[in-house]
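Engineer: Here it is, the structure in full.
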Amino acid sequence: MKAVAVFPGSREVKVIEQAEPRISEPGQVLLQMLDVGICGTDKEICTFEYGTPPPGDDYLVIGHESLAEVVAVGSAVERLRAGDLVVPSVRRPCPHPGCLACRSGHQDYCYTGDFSERGIKEAHGYMAKYVVEHERHLNLVPPDLREIAVLAEPLTIAEKALGQVSWMMRQRPPWLDPETPGEERGRGLSALVLGIGPVGLLGAMVLVSAGFTTYVYSREVPPHPRIDLVAAIGATYISTQAATFADLADQAGNLDLIYEAVGHSHFALEALRVLGTNGIFVLTGVPGLQAFIEADPARLMRDMVLKNQVLLGTVNAGTDAFASALRNLDHFRRRWPEAVQTLIAGRYPPEQATELVLGRPPGIKTVIAF
Ligand SMILES: [Zn+2]
Ligand SMILES: [Zn+2]
């Protein structure tokens, strides 16, 4: 079968032929991969900045954003059967008995760093025709979401973040009546999304859905399909070319939530200066090494203390975030049918994966289809 693999030693990315995997434990499921999304992490792996093959292998099969169909199940599998659609999660627990996070099924909060991640760190990924995975790592997908469920994994970033933000909002007296339904937790509040890559756009959709008055700030200028998408979901786009952070804060009023999805440290620090009173700042981007910059830590620290601000970093996601991502995809599909259509730019065969990962893929989310 075909798989797309990176060879860090020889610095190659290519389609390889591999033996088809087989079920070897009763709890396992054989999957045929349908869609595998390409993202910035894949790009970093294929330019050898990141990514580690499994122990003993000189290559790593890439791909972590996926949708698959169940082909066969082991004798102990209870929830799934052939024909079901599933989205696999990415991170697998570390082996340490003392890691409370991994031992309780919350490996996205792993303390030790010795977790593995399919397609990223010490475990092969999903950009292959067939994959075997344990039932516990598979999230059942309603058939109606066949066309867009590959977006579930990138959407979990926003879902995990918003899950924590909601929890904090409920603990902070001026914000939210505990009776406010979860779907309306952003009612009357303003949110700012930094960046219009897939993570930013999906984050904006989650925030608008939760009732936040949502602004999106990025360097692109109109006309641009991603800017059209921001408008289509009812958020307000502001270009860095047209307005400074100060202008933005004047327009938006108190910024209760800033959701960073750029991975640029200087930009994030600038944004922190306009975070509102009692505001929460969520960082999701992982910056590469960037030039040393001058900062004003005293001012940032004063603001954070005097305005009760929260700075929250978030990575990966757990089962709850996958469940809410799938629920929200269904909501997005009904609420913004046309906008959701434009999220997936196209589906391409695995033979084109190398050029798509290394080049500038067209549109918003590029998918390899098996
Ligand atoms: Zn990704
Ligand atoms: Zn752990």
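Engineer: In this model, which of Lys14/Lys43; Lys43/Lys365; Lys43/Lys160 are farther than 19 Å apart at the alpha-carbon?
Structural biologist: Violating the 19 Å Cα-Cα cut-off are Lys43/Lys160.
Engineer: Same structure, new question: Can you list the HN-Hα couplings for region 363-369, worked out from phi with the Karplus curve (6.51, -1.76, 1.60; θ = phi - 60°), rounded to whole Hz and with x for Gly and Pro?
Structural biologist: Those phi angles translate into x, 8, 10, 9, 10, 8, 10 Hz.
Engineer: For region 316-370 and region 11-74, compute the distance between their C-alpha centroids and round to whole Å.
Structural biologist: Cα centres, region 316-370 to region 11-74: 17 Å.
Engineer: What is the helix-to-structure angle for 152-171, meaning the angle in degrees between its Cα long axis and the longest Cα principal axis of the chain, kept from 0 to 90 and rounded to the nearest 10?
Structural biologist: 40 degrees
Engineer: Here is a follow-up. Step by step: find N for the chain, compute 2.2 N^0.38 Å, then divide the Cα radius of gyration by it. What's the final number?
Structural biologist: On the way: Rg = 20.8 Å, N = 370, 2.2 N^0.38 = 20.8 Å.
This ratio for the chain stands at 1.00.
Engineer: Also, I was wondering about something else. With contacts defined as alpha carbon pairs under 8 Å and 6 or more residues apart, what's the relative contact order of region 100-187 in percent?
Structural biologist: The value is 9 percent.
Engineer: Given a 1.4 Å probe, how much area per residue of region 186-286 is accessible, in Å²? Walk me through the intermediate numbers first.
Structural biologist: Working: 3590 Å² over 101 residues.
Result: 36 Å² per residue.
Engineer: Could you size up the charge dipole of the chain around its Cα centre, putting +1 on the beta carbon of Lys and Arg and -1 on that of Asp and Glu, and report it in debye to the nearest 20?
Structural biologist: Details: 33 positive and 43 negative charges, 70 e Å.
Dipole about the Cα centre, nearest 20: 340 debye.
Engineer: Which residue fluctuates most in the GNM of the chain (Cα springs below 10 Å): His224, His266, His137?
Structural biologist: Residue with maximal mean-square fluctuation among His224, His266, His137: His224.
Engineer: Amide H to amide H under 5 Å from Gly27: which residues, 5+ apart in sequence or cross-chain, H placed 1.01 Å off N in plane?
Structural biologist: Distant-sequence amide H within range of Gly27: Ala76.
Engineer: When ranked by the protection proxy of mean other Cβ atoms within 10 Å per residue, highest first, what sequence do the peptides 38-48, 335-345 form? Walk me through the intermediate numbers first.
Structural biologist: Numbers: 38-48: 19.8, 335-345: 16.1.
Going by the mean number of other Cβ atoms within 10 Å, highest first, we get 38-48, 335-345.
Engineer: List residues of region 65-102, by number, whose backbone nitrogen lies under 17 Å from a label position 7 Å along Cα→C-beta of Leu140.
Structural biologist: Inside the label zone: 68-89.
Engineer: How many percent of the accessible area of the chain is carbon or sulfur, using a 1.4 Å probe?
Structural biologist: Values: 9000 of 17000 Å².
Carbon-and-sulfur percentage of accessible area, whole number: 53.
Engineer: Determine the dipole magnitude for region 224-370: charges of +1 sit on the beta-carbon of Lys and Arg, -1 on that of Asp and Glu, nothing else is charged, the reference point is the Cα centre, and the result goes in debye to the nearest 20.
Structural biologist: Details: 12 positive and 14 negative charges, 71 e Å.
So the dipole magnitude of region 224-370 works out to roughly 340 debye.
Engineer: Related question: Subtracting the Cα-Cα distance from 0.36 nm times the residue separation, let me have the gained length for Arg360 to Glu25 in nm, one decimal. Mind showing how you got there, number by number?
Structural biologist: On the way: separation 335, 0.36 × 335 = 120.60 nm, distance 4.01 nm.
Roughly 116.6 nm would be gained on extension.
Engineer: Continuing with the same structure: To the nearest 10 degrees, how steep is helix 198-209 against the longest Cα principal axis of the chain, on a 0 to 90 scale?
Structural biologist: Result, in degrees: 60.
Engineer: OK, next. With the chain treated as a Gaussian network of Cα nodes joined by springs under 10 Å, which of Asp296, Asp58, Asp84 yields the largest mean-square fluctuation?
Structural biologist: Asp296
Engineer: With the chain treated as a Gaussian network of Cα nodes joined by springs under 10 Å, which of Leu151, Leu358, Leu162 yields the largest mean-square fluctuation?
Structural biologist: Leu358
Engineer: Expressed in nm to one decimal, what extension gain is obtained for the pair Glu351 and Thr112 from 0.36 nm per residue of sequence separation less their Cα-Cα distance?
Structural biologist: Values: separation 239, 0.36 × 239 = 86.04 nm, distance 3.70 nm.
Answer, rounded to one decimal: 82.3 nm.
Engineer: Follow-up question, since we're still on this one. Taking the 0 to 90 degree range and rounding to the nearest ten, how far is the long axis of helix 297-306 tilted relative to the main principal axis of the chain, both from C-alpha atoms?
Structural biologist: Rounded to the nearest ten degrees, it is 80.
The values are calculated or read from the model by the stated rules, or taken from the named source; none is laboratory data. The model shown is predicted, which means the values in this text are computed figures rather than measured ones. All Cβ positions, even for glycine, are placed from backbone atoms using ideal geometry, and neighbour counts span all protein chains on display. Ligands, DNA and RNA are stripped out before the accessible areas are found, and what is left, the full protein with its side chains, is counted by its heavy atoms. Shrake-Rupley method; radii C 1.70, N 1.55, O 1.52, S 1.80 Å.
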